[in-house]
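Okay, structure first, notes after.
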Amino acid sequence: MSYNYVSYATGVPMSSQTSPQLGRYIMTTAPTAKALTVTEVRNHLKISTTSENTYLDNLIDVATEMVQNYTSQTIITQTIDLHLPYFMNRININRSPISRINHVKYYDSSNSLQTVTDTNYETSLGVEDSSDQSPVISTIIPSKNFSYPDTYPRMDAVQIRFTCGYDAATTVPEVMRQAMLIIIGTLYLNRTDMVYKMPTLSEYLLNPYRLNVL
């Protein structure tokens, strides 16, 4: 099982005279579970037979993709690489919830891959805002008295690997699971081009969980 979970993000360049550059998110380790089971979906749709199990399982993947793209949240634990063309004073990681930064690597001026010692950067892992329980962006900044080295001119010059997502289906917020069930129900009942956007109720349920992407 794998999700085509590749998207883009911006950061704050080291030079204020430089325009923000795009970074790319690439999933490197896929989740080993799903937020919903086919049985849960069948019960929701009141389907008594198992003849459409494969189709329903595919709809779970589609709903997962839609929810992740809409909220910038990661449903089940997976490992993702963020590729950037150069170091930035503040690197924003537009994914949530993040449990750890696995490594920060870079291609030096000789185009050799190096690793930044974890004591040379500080992280603020995204946690829910205590005032409204909304997710916040994780950031990486250089430690005091440390300057990022020069990098080779390539789009993946800086590579940040991090682990994010909920540990298991049982820890995924029930609101998000219900939003997925509504999406699946809409797609199941409308198998032609009738779903123009995410169902309104799903949007309403998911809006408090949307990451304020920079």
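The values are calculated or read from the model by the stated rules, or taken from the named source; none is laboratory data. Here the structure is a predicted model, which means the values were calculated and not measured. Cβ: placed from backbone, ideal geometry, glycine included. Neighbour counts: every protein chain shown. Quick note on the areas: whole protein, heavy atoms, side chains included, nothing else; ligands and nucleic acids left out. Shrake-Rupley method; radii C 1.70, N 1.55, O 1.52, S 1.80 Å.
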_Any residue at all in segment 143-161 that's touching a Ser or Thr at 6+ places or on another chain (Cβ under 6 Å) and under 15 Å from Leu82 (Cβ atoms)?_
yes
*Please enumerate the residues belonging to segment 33-65 that are more than 25 Å from the chain's Cα centre (by Cα), under 20 Å from Met176 (Cα atoms) and open to solvent by less than 60 Å² (accessible area, probe 1.4 Å).*
Arg42, Leu45
